[in-house]
1. Any residue at all in region A:295-308 that's of a type in the set (A, V, I, L, M, F, W, C), within 28 Å of A:Leu216 (Cα to Cα) and at pLDDT 95 or above?
2. Let me confirm something: among A:Leu252, A:Leu230, which residue is away from every other protein chain (no Cβ under 12 Å), without any contact (Cβ under 8 Å) to a residue 40 or more places away in the chain and within 22 Å of the chain's Cα centre (by Cα)?
3. So, in region A:35-83, how many residues would count as being of a type in the set (A, V, I, L, M, F, W, C), outside any strand (DSSP E or B) and over 30 Å from A:Val102 (Cβ atoms)?
4. Would you pick out the residues in region B:1-32 that are within 14 Å of chain A (Cβ to nearest Cβ) and either out of contact with any Phe, Trp or Tyr (no Cβ under 8 Å at 6 or more places or on another chain) or not hydroxyl-bearing (Ser, Thr, Tyr) (or both)?
5. Would you mind telling me which numbered condition in (1) more than 8 Å from chain B (Cβ to nearest Cβ); (2) surrounded by fewer than 24 Cβ atoms within 10 Å (Cβ to Cβ); (3) in contact (Cβ under 8 Å) with a residue 12 or more places away in the chain; (4) at negative phi A:Ser212 fails?
6. Applying the selection to region A:174-195, what residues are surrounded by fewer than 19 Cβ atoms within 10 Å (Cβ to Cβ) and either closer than 23 Å to A:Glu235 by Cα or not aliphatic (A, V, I, L, M) (or both)?
Amino acid sequence: MFDLVIRNGLIVDGSGLPGRRGDVAISDGKVVSVGGRAGEARREIDATGNVVAPGFIDPHTHYDAQLCFDPYAFPAIEHGVTTVVPGNCSLSLAPLRAEQRVAFSSMFRLIEEMPEAAFDAGVDWRWGEDFGGMLDALTGNIALNVAPLVGHSVLRMYVMGDAAQERPATPEEITAMADLLRVCLDAGAVGLSTSFVDIDETYRPVPSRWASPDELDALAAVLGERDRVLQIVHEFFDADLTVARVEQLAELSLRHGITTTLSPLFHSDANHHAVTKVMAAVEAARASGAAVWPQVQTRPIDISFTLDQRSLMLLTMPSWWKVASIRDRDEKLAAVIEQRQALVDEMNSLARRPGAGLGAGGFVVRDVVHERNRDLIGRNIDDIARERGASHGDTVVDLAVDEGLGTWFIRESIGHNNSEVVGELLANPLVHVGASDGGAHVGSFSTFGDTGFLFSEFVRGTKSLSLEAAVKKITLDPATIWGLQGRGLLAPGYAADVVVFDADRIGRGPEVASDDFPGEGIRWIRRQEGIDTVIVNGEITWTADDGYIAGARAGAIATR
Amino acid sequence: MSARRYVFAQMGDDFAAIAARELPGVDGAEQQLLAWNLHLAARAGLGRGVGLLPSDIVFTEPPPARPAA
């Protein structure tokens, strides 16, 4: 007798081959049989009319902190995600010395836009300092699988202390980092992540950016010893810089035999040649035998923000960024009033910048504090400004000051929103579906539902991918790229990570505010659409009828 | 296969040093480097005096002409 049989679904097994109707049998956390009519089971799921596929794999996340207080990485699982890769962009919670936690936490919260209260309440550092200890602490306490990267910035901090953000490493320090990386990989790290773009709380480049190419080469050599992955976040805003990074990765890949990935790769109609140029470099790298995978996200870029907190949107306005960095609300409001003209001018200058057209006139009022302003919700600033005879900047500031800076604005469709072009890119066999940033940027946008959007927008909508191709893109492809053996495919002996969904309904759901994180404030999430059941290592973990199953903790460290 | 030639900055480098090393004898080389590397020139706004970093890519030739739309 099997533990579980999923009956009569359309089995789309992750291979990309056409689906077929039949049963999937599971025992002891593994797939036992695929297709045909399976015998009796202790539990059965009727999948008639639904697709049965491998669980989805999200290769670019920052659930590091959230997993410490939320074993479900809510709401990732209900979207069909059964394996996540945290630790991207040079930042992992280990290895880290106890005395470095404050500085690191500040850096992580800033870069990944994680609220301080949530981070501090949720991350207890119970594992101590080492990477293996962190994975031990997660083991048995997670409902989905984790394949963690170790961050280059924390490796540097551990070995070099404060000098990690002051200078290149000495040969001895590089050797120490290589040794430490080896220990982390042997403890279960899926690879190394590094950043060429991020800054910390004091605007200082993160430690990984102080590394010389020789240092990265030495660390890549260690990855080569263990056949692990190098992930980078690069200067994605510039095509020539991205091409140069592709070439750098190609050289590292060829020299050390490693798989490399860069994220994100965005398309913009304002600079539509950029993706063409980058993909030409990727094709050249591929032709040379290098493994360089650009990660492409499915969703368009929308950013929500208030003027009360630092956000991605304020990064384009340094004066606003500095004001938003003031911790005390009253002091912040006073600074806005005092510096009003300069701040208004800076906001108005957005419209004169080349490229993406981020002018404040395109901001839309998303939510308001006062009832008297409720009729403004859904209207754009250009419209309101015309009515009031004021500039865009004055209009935004007037409203925000009236509401104690609590007004929510949104700038929609900043880029990556031409579905025909993005669909073609996603279908390219040389790109990797990723860059969701799951668990990060909680106040700027929802990082959930990208997998559902792949089906709703690019399978059913533009028809850029077949159902089978889309499933493969987020199952067997990432499992293969990341070396997650025994996952990503419905086949006997593979881990029973399974999602049952309605191919006609699966989507990403509307973006809604949620106050579920510890502390005050909200984050933006999306709830699933069209998912029926999610199974992790043979354990039913979420169902449309019962929601999250209490006590489900079958998640594993996927690299152990 | 590179679209543009580049070098990595060395610790302590400034544009003058790179110009002397990479573009010897070229008039106005430092200003040209600045113009070709606006991503680095703009860092002064938020970087608070952080100079070039060892991981920085510094282009040593101008961008190619943009293809026609």
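1. yes
2. A:Leu230
3. Number of matching residues: 3.
4. B:Met1, B:Ser2, B:Ala3, B:Arg4, B:Arg5, B:Val7, B:Phe8, B:Ala9, B:Gln10, B:Met11, B:Gly12, B:Asp13
5. (1)
6. A:Thr175, A:Asp179, A:Arg182, A:Asp186, listed by residue number.
Residue-wise test of (1) in the same structural domain as A:Leu262 (by TED's automatic domain parsing); (2) under 25 Å from A:Asp64 (Cα atoms); (3) under 23 Å from the mean Cα position of the chain (by Cα).
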position: A:Phe445; (1), (2), (3): yes, yes, yes
position: A:Ser456; (1), (2), (3): yes, no, yes
position: A:Val459; (1), (2), (3): yes, no, yes
position: A:Gly483; (1), (2), (3): yes, yes, yes
position: A:Asp515; (1), (2), (3): no, yes, yes
position: A:Gly521; (1), (2), (3): no, yes, yes
position: A:Asp545; (1), (2), (3): no, no, no
position: A:Ala556; (1), (2), (3): no, yes, yes
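Rundown of residues vs (1) in contact with a strand residue (DSSP E or B) (Cβ under 8 Å, 6 or more places away or on another chain); (2) aliphatic (A, V, I, L, M), yes/no style:
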{"site": "A:Ile377", "(1), (2)": "yes, yes"}
{"site": "A:Glu412", "(1), (2)": "yes, no"}
{"site": "A:Gly415", "(1), (2)": "yes, no"}
{"site": "A:Ser419", "(1), (2)": "no, no"}
{"site": "A:Leu426", "(1), (2)": "yes, yes"}
{"site": "A:Gly438", "(1), (2)": "yes, no"}
{"site": "A:Phe448", "(1), (2)": "yes, no"}
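The values are calculated or read from the model by the stated rules, or taken from the named source; none is laboratory data. Note that this is a predicted model, so its numbers are computed, not measured. With ideal geometry, Cβ positions are generated from the backbone for all residues, glycine too; neighbour counts draw on all protein chains shown.
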